[in-house]
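Here is the structure we will look at, set down as structure tokens.
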Amino acid sequence: MSGIKIIHGGFDDRLELLFANAIRAGFPSTAEGYANDSLDFNRDMIRHPEATFYGRVYGDSMIDAGIDDGDIAVIDRLAEPANGDIVVAFINDEFTIKYLDTTHRSEGYILLRPANPSFEPIRISMNDNFRVWGVVIWTIKKWKR
């Protein structure tokens, strides 16, 4: 594999991935600029380990955001949700994953927007049992079946 070197970690079945400074998605590059650091998912990608959870995505309402049925969402419960974030929301006793749209807050409602034109946005008013459960910070996708 050009640009990536994989070293087996020994008898404990760990796999240490040494990565290049950048892995190009275009034409293969020469093996230049190797970093002497290993990728540690918890250190490099999780800001609040005590409040970070994983959830499997079911359904196709977020396919245009690149989130497919079966993907794993990495959800940070301490991240402050902002307009446009992908969130896991609890609405009327059900969980859903959608874009958070707060542009109508002054009009008394917010929207949870899907990333699939086959689905309608969910309108949230003060009468709904609603809260943002967490912000999706990463997704994990299985490419090889």
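No lab work stands behind these numbers, since they all come straight from the coordinates. Quick caveat: nothing in here was measured; it's all calculated off a predicted structure. Cβ atoms come from the backbone with ideal geometry, glycine included; neighbour counts cover every protein chain shown.
Results, tabulated for the structure shown:
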| quantity | calculated |
| --- | --- |
| Net charge contributed by nearby residues that have their C-beta within less than 9 Å of residue 141 (K/R +1, D/E -1) | -1 |
| Modelled FRET efficiency - R0 25 Å, residue 145 with residue 39, Cβ distances, 0.05 increments | 0.60 |
| Gain upon complete extension [residue 107, residue 127; 0.36 nm per residue less C-alpha separation] | 5.8 nm |
